[in-house]
1. Inter-copy label distances at B:Ala111, 7 Å along the Cα→beta-carbon direction, one decimal in nm, shortest first?
2. In segment B:436-506, which trypsin sites (Lys or Arg not before Pro) are in a loop and have at most 14 other Cβ atoms within 10 Å, using DSSP for the loop call?
3. State in Å² the accessible area per residue of the protein assembly as shown; use a 1.4 Å probe, count heavy atoms of protein chains only, and round to the nearest integer.
4. What does the average come to when, for each residue of peptide B:281-293, you count the partner chain Cβ atoms lying within 10 Å of its Cβ?
5. Suppose every K and R has +1 on its Cβ and every D and E has -1 on its Cβ; what is the size of the dipole of the protein assembly as shown about the Cα centre, in Debye to the nearest 20?
6. I need the shape label for segment B:412-466. Rule: rounded when a/c is under 1.5, else prolate if a/b > b/c, else oblate, with a, b, c from the alpha carbon gyration tensor.
7. Take peptide B:333-341, look around each residue's Cβ out to 10 angstrom, count Cβ atoms belonging to other protein chains, and average those counts.
8. Can you list residues from other chains, or at least 5 along the same chain, whose modelled amide H is less than 5 Å from the amide H of B:Met15?
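The values are calculated or read from the model by the stated rules, or taken from the named source; none is laboratory data. Just so you know, these numbers come straight off a predicted model, no measurement behind them. Cβ sites come from the backbone with ideal geometry, for glycine too, and all protein chains shown count toward neighbours. Accessible surface areas use protein heavy atoms only, side chains included; no ligands, DNA or RNA. Shrake-Rupley method; radii C 1.70, N 1.55, O 1.52, S 1.80 Å.
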2 protein chains.
Amino acid sequence: MSARDGGRPRNAKPMSSGTIGSWADGADVIVIGFGVAGASAAVEAAVHGADVLMLERTSGWGGAAALAGGFIYMGGGTPLQKACGFEDTPEDMHAFLTAAMGAGADAAKLAIFAERSVEHFDWLTSCGVPFRAAFYDRPGWEPSGDEGLMYSGGENAYPFAELVRPAPRGHVPQMRNKRTGERGGGYMLMEPLAETVASLGVRIDYDTRFERLVAESDGRVSGVVVTSYGEELVVRARRSVVLAGGGFTFNPDMVARHVPVLTTRAGSATDAHDGQCIRAAQALGADVTHMHACEAAVHTDPALMIRGIVVDGRGTRVINEDTYPGRIGQELVSHHSSQAFIVADEQAVDEAAADRNPSSAFAPPQPAWVSDDVAELEEAAGIPAGALAATLELYNRHAERGADPVHHKATQWVRPLRAPYGLFDLRGATSGFPLGGLRTDIDGAVLDVNNEAIPGLRAAGRTTSGIAAGGYASGCSLAEGSFFGRRAGRAAAHDPPLGASRSSLG
Amino acid sequence: MSARDGGRPRNAKPMSSGTIGSWADGADVIVIGFGVAGASAAVEAAVHGADVLMLERTSGWGGAAALAGGFIYMGGGTPLQKACGFEDTPEDMHAFLTAAMGAGADAAKLAIFAERSVEHFDWLTSCGVPFRAAFYDRPGWEPSGDEGLMYSGGENAYPFAELVRPAPRGHVPQMRNKRTGERGGGYMLMEPLAETVASLGVRIDYDTRFERLVAESDGRVSGVVVTSYGEELVVRARRSVVLAGGGFTFNPDMVARHVPVLTTRAGSATDAHDGQCIRAAQALGADVTHMHACEAAVHTDPALMIRGIVVDGRGTRVINEDTYPGRIGQELVSHHSSQAFIVADEQAVDEAAADRNPSSAFAPPQPAWVSDDVAELEEAAGIPAGALAATLELYNRHAERGADPVHHKATQWVRPLRAPYGLFDLRGATSGFPLGGLRTDIDGAVLDVNNEAIPGLRAAGRTTSGIAAGGYASGCSLAEGSFFGRRAGRAAAHDPPLGASRSSLG
């Protein structure tokens, strides 16, 4: 289902409760979406005594989370970090996030997310999420096997390694029969969460698509309008609705207006991420924030990138290639029109092949062109004559002494590249998802332009703008989805019931 | 006045009309803001028979427009273009705008803006805006004298010159006693418009600050809440409110969340641009769009930039220096962290001095460092060793034959630079303003998330997202403010009065 039919956007405006004849069976807390944010919200709302109903548009639990590699960004000294021999503190984690999540990132969210990360790890394990205490130390998008810990945000690369003591914080649930993109660590996060949801007696209606909110005359949210098997139903939320139905990756109109660099490059989400949760809240006066921010993947094996250099369409090098590959993708998408090539030599190719992650989603990279003559490569690739040669000459000159003063790649990965050179074509080989969404407080309250909570409405996951406002680290989405999902669920359970005084809101 | 007092945002939520005891004297059409958009809206609303009241927070007319250099982006074959010997067509203008205004720009606005640009020129002259038929052909931010026409968008530079037949479209009202930043072409636009407003019997309340909208129970806008000399007043709009009170340049919270690259770099607006018009509409469910887009100036004389090269903090050249200097500013702000230097030689400095615009707001540029030794310059400027040398060597090598295959600066400006080199420090020397805002249709109707008009509400000028969604040309703001302001005013005059059937809305 697309967000538009015949060019008209889907109706996202609230239904007035006064016009409603009959309600379907309701609940204290209605959770929209059974991804990681919804599951976490449902668990905590139920634990805190609420009668919870989850409404999920597909026929099963999982959302985008179950398809993800499964990184959960946690730190500050988790048992897994300790077991793998890494020291970390909430202060270091906070300092890293502050440096890495982008200008204007939500300070209150960053603070509590770092401060309570160890507790969040404990909560996930208490729900049955398994982690194996093994550290994966090679370049890649994710561990090749069932290792539970990996650098996933460039913590050990420039500039962050100079600012904060590095610690790996990408925690991956232990998986069996991994199939990247189909069944990875994200599945092994969602399976125990789904079992926890079920064990708590949470009711779940599948094949039930969220359409819009129901509002009282004073603006308080009191339910949702959904469609199920072609029928429109109105469901009462006695305390709160928690919107956790994903972001707007697959709403082309919103992408064009907010993140035009992702036009035709949407990825890493399900088509449930159609922006409807965001639009429905906006229609009630909710504010949106950081709508331009995005994370992006570059579709290649990092093991080769890190041993070569990544240049843009003008032959200019773009970033230190040893950083988190998603940061390379962000840089390419946001600042280089997704025009990129890897330049590598035979030694780099051989080493990358030896280092190759056998579970990688990407085929072994093949050079588009190979030549001893850089001018020939420039002409073949449409790079301005002499530009790639100048970049290579400068890189190699410094690399002779193990230095990279231009982009500060760590010495261990710096080595002069020798002819023949292979040029690997990454033009357009990027895709990503927006990071912006509803402006929420740390308990998932959806904020209006006055920074005031919209009564009866909370949100979590990619429906909201979270900790990342331009930067990113792998694992942020699952971590903040679960972390702030939990908080939203707990708060929703304590929201005043319909008809109660509103003096405690806000 | 800032948009926040003591950390709390100003109240932007609508006042319910049911709670209002007494109304101040109202009008058919209430126009918020007496800048170019508000003035144009007021004129057309009055011409179309409406009783119009303008509410302006300062003590006089003008807004940001009266402080601007005065470019009005028009074309398609205006009398001024013809008198200066340039051929242009609406199709060429449309093709240029489509290429230059950024991905995701509003197609309907681009189309009508180009199609009716000549008519808009005639309207402005009919209001008494004077233009002198003289073309200014030198590099600069604006004409040095009272010349009426200049390239202002990079039409005659790469890549646009290869795509569309170039025509200058920056029309500047003829001015006397020009003082850049105080009294320029923008003043000579606003003075006749203000006289036209007065001649039509439009009422104007100065020192009256817009606070928020008044809404009926069904969401229709029926008035505004304003403060004047400390008193809160509620003013009825019988047909429509036209929000034309500017953008959010001086709302630091909104800038941090939507255009973080402009944090601490806000400029080219008045402090009335505090986002209140946008927020007030959002509170009623209005959608926002392209909030991340911005225009930026780089604070230096283009006459030197065009003769040298502009490099970023890594010594990498950033753009063809002969393009519209605001495009250089956008590139620096958006993609190079506002880190830039001009590299020039003595000949470039001498030629730029001879070409200098005597009315320029910028002092003649002084080199921060001069040396025959590029390595010395690199070290002084913190540019990676060898990086600037490589850039210069590549530029000079191609320049020997008048070519610039890297950035395609036009041959007439390409010449090898010779030692001693001067390095001019432009780090941080940028400022700009956001281009995003309310989503409106071509008649200024403020659209909600369903793309439906909010009844009784229109908007124009920087309160809205206009034709630019990332790109820009000097003159867009005054042109679209007046062009779409007119349309909003005319439509507002015909909006159904309060209490009338709403069947004709939408």
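1. Spacings between copies for this position, smallest first, are 5.1 nm.
2. On the way: sites: B:Arg439, B:Arg458, B:Arg462, B:Arg486, B:Arg487, B:Arg490, B:Arg502; in loops: B:Arg439, B:Arg502.
Answer in residue order: B:Arg502.
3. Per-residue accessible area for the protein assembly as shown comes out at 33 Å².
4. Values: counts 2, 7, 7, 4, 10, 3, 8, 6, 6, 6, 8, 10, 3.
Across the residues of B:281-293, the mean count of other-chain Cβ atoms within 10 Å is 6.
5. Working: 88 positive and 120 negative charges, 411 e Å.
Magnitude of the dipole: close to 1980 debye.
6. Values: a/c = 5.74, a/b = 3.56, b/c = 1.61.
Note, shape of segment B:412-466 comes out prolate.
7. Details: counts 0, 2, 4, 1, 1, 0, 0, 0, 0.
Mean partner-chain Cβ count within 10 Å for B:333-341: 1.
8. Placed amide hydrogens put B:Leu213, B:Val214, B:Ala215 under 5 Å from B:Met15.
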